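Beneath this line is the structure, given in structure tokens, with notes to follow.
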Amino acid sequence: MNYITEVNSAMNLTVALQMVGIGLLLTLVASAVSVLFVMRYDPLRILANRD
């Protein structure tokens, strides 16, 4: 068996910007999905009917 003893990685500005872009995209998608689920229940009507 050959075990991995080291891992070489290259980190430069392009890779960092791609990771930031992916993070922002995932954040926007997650926020949009949560907003869609909340808006399905018409929150203004729910809050107006609270007693």
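Brief remarks on what is shown
Conditions (1) in a helix (DSSP H, G or I); (2) not small (G, A, S), marked per residue:
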| site | (1), (2) |
| --- | --- |
| N2 | no, yes |
| G23 | yes, no |
| A30 | yes, no |
| V33 | yes, yes |
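- A count restricted to region 35-49 and to residues that are open to solvent by 100 Å² or more (accessible area, probe 1.4 Å), in a helix (DSSP H, G or I) and modelled with pLDDT under 80 stands at 3.
- Number of the condition not met by E6 [criteria: (1) surrounded by 10 or more Cβ atoms within 10 Å (Cβ to Cβ); (2) not small (G, A, S); (3) not in a helix (DSSP H, G or I)]: (1)
Yes/no per residue for (1) modelled with pLDDT of 80 or more; (2) acidic (D, E); (3) within 11 Å of the chain's Cα centre (by Cα):
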site	(1), (2), (3)
Y3	yes, no, no
N12	yes, no, no
M19	yes, no, no
G23	yes, no, yes
T27	yes, no, yes
A30	yes, no, yes
V33	yes, no, yes
D51	no, yes, no
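The values are calculated or read from the model by the stated rules, or taken from the named source; none is laboratory data. No experiment lies behind these values; they were computed from the predicted model shown. Ideal geometry is used to build each Cβ from the backbone, glycine not excepted, and the neighbour counts take in all protein chains shown. With ligands, DNA and RNA removed, areas are computed over all heavy atoms of the protein, side chains included. Shrake-Rupley method; radii C 1.70, N 1.55, O 1.52, S 1.80 Å.
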